[in-house]
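**Student:** Structure below; questions to follow.
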Amino acid sequence: MAEANVRSLRFDTAVITPCAFNLKDGLLAHDLDDAAVKRAGLESASRVIVAGSGSKWRASALALVAAMDAADVLVTDVEPAPEDLSLLDELSVEVVIA
């Protein structure tokens, strides 16, 4: 029901907090229902901000939310390695260290 309700809405900006994220797999969640709701939110938004602590960076989880290129902005508390920053730049993902 939550997924259907979120899909029926339109957002200027969605802030997604994945359970884990990495450049190979993308944005991840620990269970399928959580992933589906997060996916619905980002698919209903014009702009997607991913907020994730450094502990979630290069981590893994069971369910795919979306590829990393679904994000417009990544806000995190650690600076990614230069090669990761380069790949994020290629994907047009702005990185904000907060």
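**Student:** Considering segment 1-17 alone, what residues qualify as being part of a loop (DSSP other than H, G, I, E, B) and either under 18 Å from the mean Cα position of the chain (by Cα) or of a type in the set (G, A, S) (or both)?
**Tutor:** Within segment 1-17, S8, R10, T17 qualify.
**Student:** Right, something else. Being part of a loop (DSSP other than H, G, I, E, B) and free of Cβ contacts under 8 Å to residues at least 24 places away in the same chain is the filter here; which residues of segment 18-64 pass it?
**Tutor:** Matches in segment 18-64: K24 only.
**Student:** Tell me which of these R47 doesn't satisfy, since it passes every other one: (1) in contact with a Gly (Cβ under 8 Å, 6 or more places away or on another chain); (2) within 22 Å of A98 (Cα to Cα); (3) of a type outside the set (D, E).
**Tutor:** Here R47 meets the rest and fails (1).
**Student:** Filter segment 51-75 down to residues that are within 12 Å of the chain's Cα centre (by Cα), under 14 Å from L87 (Cα atoms) and surrounded by fewer than 17 Cβ atoms within 10 Å (Cβ to Cβ), then give me how many there are.
**Tutor:** Looking only at that region, the number is 3.
**Student:** Name the single residue that is modelled with the highest pLDDT among those in segment 78-95 being part of a loop (DSSP other than H, G, I, E, B) and in contact with a strand residue (DSSP E or B) (Cβ under 7 Å, 6 or more places away or on another chain).
**Tutor:** Checking each candidate, the answer is V93.
**Student:** A follow-up question, please. Can you confirm whether A2 is in contact (Cβ under 8 Å) with a residue 24 or more places away in the chain, more than 24 Å from A98 (Cβ to Cβ) and crowded, with 17+ Cβ neighbours inside 10 Å?
**Tutor:** No; evaluated as a whole, the condition is false for this residue.
The values are calculated or read from the model by the stated rules, or taken from the named source; none is laboratory data. Predicted, not measured: the structure shown is a model, and the values here were computed from it. Glycine also receives a Cβ, built like all others from the backbone with ideal geometry; neighbour counts cover every protein chain displayed.
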